[in-house]
Every structure is written in structure tokens, then in C-alpha cells.
Amino acid sequence: MPENETRTRRELDAALRELLREGKPLAQLRVRELTERCGLRRQSFYYHFLDVYDLFDWSVRRERECLLALQEECLTWGQCVLVLLDRAAEERTFYQAVLERRGRLGLREMIPLSGMLETVQRYYQARSGQPSAPEEDRRNRRCAETVLLSLLEGWLQGDLEMDAREAVEALRQAVERGVAGAVWQTLLERGERIF
């Protein structure tokens, strides 16, 4: 793709996000508004996109690529979730538009959680000596992905009144308590003496 095409697409993407931040609903965005923000002619817009929703779809794909790049720097699930929440805070109105337009499935498609969760799962299996069970592993990843997406959805909708770091810390504590409780229960079931 020639550089001017990429630049034009990026400028239109930036204009779309600006208008969303200013409170303009996606359904009310017009090509004229976008092109005026960029100093482009309408024909330039239609050379690249069919309509505003086509631009939005391209922006969603671009956001996924951005999130994948950001995740490459993460070493733990906590870092990945923090990066995701920080990015969602920066682009809150865009993420809300994705949720409104595409629902949770749209968030799931945009946010690359499955790869990150698979990496984390393999790491902990290797550290604990636990063998892989592909079907069970897939089911557990899907469950974790749903929990993380629910956390993000609630956070985007204002149900969780905490910043990204507080949300990650609350999630970390919940996971640790769950693991500690599972170990405790396993010891009791085995008849181990705990004290």
C-alpha cells in the first residue's frame, strides 16, 4: 500500500476517534465531518472506504494489531491486562463504540486474549510439571477470556470505579485466593494434616 494511502487511512482513523471522544455517536458520524477534520476531499475517503462503518471496521483491525504489538512486551498475564486496560482508558470511547456496535463478541474479536492466555498457560504448566490436556486447556482459556472480557466490559461501562492498576490488583488477589483455597481443599480431601 503506498505511503499516502496509509497516511490517509491513519488520518481518517484519528478523526473518527476524535469525534467519538467529543461525544459524537458512531451512528451519527458523517463522511463530510471526517474529511473536513483531515483536510481531505470526500473522493479521498471513498477511495479507501465504502462508508463510515467500513472505516470503523478497519480501525478495529488496526486496534487489534496495536494490542498485539503491546502484548509482545509483556511477561505476565498481569502486565498484559494492565496494558489492555491502559490502552482501553486511552481509547475508552472507541472501545465503548466497539461494545455498542459489535457487543462482547466484537471486543473478543478485537482483543487478542487467547494468544496471551495460551502463553501464560504453557509457562505455568512447564513450571509446575503439569502435562498439557488440549481440550481442558482450551476450555480453561475460554473461561479466563470470558472473565477478562467481563472485567473490561464492566470497566468500560463504569461498573468498576477503579483505575487500571487497582483492577489488575483486585484480579490478582482473587486469583491468588482462589488458588490458595483450591490447595487447601485438595489437602483436606487427601486427609493431609494442615496444622
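The values are calculated or read from the model by the stated rules, or taken from the named source; none is laboratory data. Everything quoted here is computed from the prediction, not taken from an experiment. Counting neighbours? That spans all protein chains shown, and the Cβs are built from the backbone with ideal geometry, glycine included. Areas reflect the complete protein model, heavy atoms only, side chains present, ligands, DNA and RNA absent. Shrake-Rupley method; radii C 1.70, N 1.55, O 1.52, S 1.80 Å.
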Enumeration of residues in region 103-112 that are touching a residue at least 12 places away in the same chain (Cβ under 8 Å) and open to solvent by 80 Å² or more (accessible area, probe 1.4 Å): Arg104, Glu109
Lone qualifier among Arg64, Arg92, Arg87 - being charged (D, E, K, R) and in contact with a Lys or Arg (Cβ under 9 Å, 6 or more places away or on another chain): Arg92
Members of region 131-161 that are within 16 Å of Glu109 (Cα to Cα), surrounded by fewer than 16 Cβ atoms within 10 Å (Cβ to Cβ) and of a type in the set (D, E, K, R): Arg142
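Just give me the residues in region 151-175 being of a type outside the set (A, V, I, L, M) and touching a residue at least 24 places away in the same chain (Cβ under 8 Å), in sequence order. Talk me through it step by step, then tell me what you get.
Narrowing region 151-175 to residues of a type outside the set (A, V, I, L, M): 153-155, 157-159, 161, 163, 165-166, 169, 172-173.
Hits for region 151-175 are Glu153, Trp155, Gln157, Asp163, Arg165, Arg172.
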Pick from region 62-97, criterion among the hydroxyl-bearing types (Ser, Thr, Tyr) and in a helix (DSSP H, G or I), ranking: least open to solvent (accessible area, probe 1.4 Å): Tyr95
Unmet requirement for Glu100, which otherwise passes all of (1) within 17 Å of Thr146 (Cβ to Cβ); (2) open to solvent by 30 Å² or more (accessible area, probe 1.4 Å): (1)
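Please determine, by comparing only the residues of region 111-156 that are hydrophobic (A, V, I, L, M, F, W, C) and in a loop (DSSP other than H, G, I, E, B), which one is modelled with the highest pLDDT.
If we filter region 111-156 for residues that are hydrophobic (A, V, I, L, M, F, W, C), which is where we start, we get 111, 113, 116-117, 120, 126, 133, 143-144, 147-149, 151-152, 155-156.
Adding the requirement that they be in a loop (DSSP other than H, G, I, E, B) leaves 111, 133.
On the way: Ile111: 91, Ala133: 84.
Among those that are hydrophobic (A, V, I, L, M, F, W, C) and in a loop (DSSP other than H, G, I, E, B), it is Ile111.
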Set Leu117, Leu82: member being in contact (Cβ under 8 Å) with a residue 60 or more places away in the chain, closer than 20 Å to Gln173 by Cβ and within 13 Å of the chain's Cα centre (by Cα): Leu82
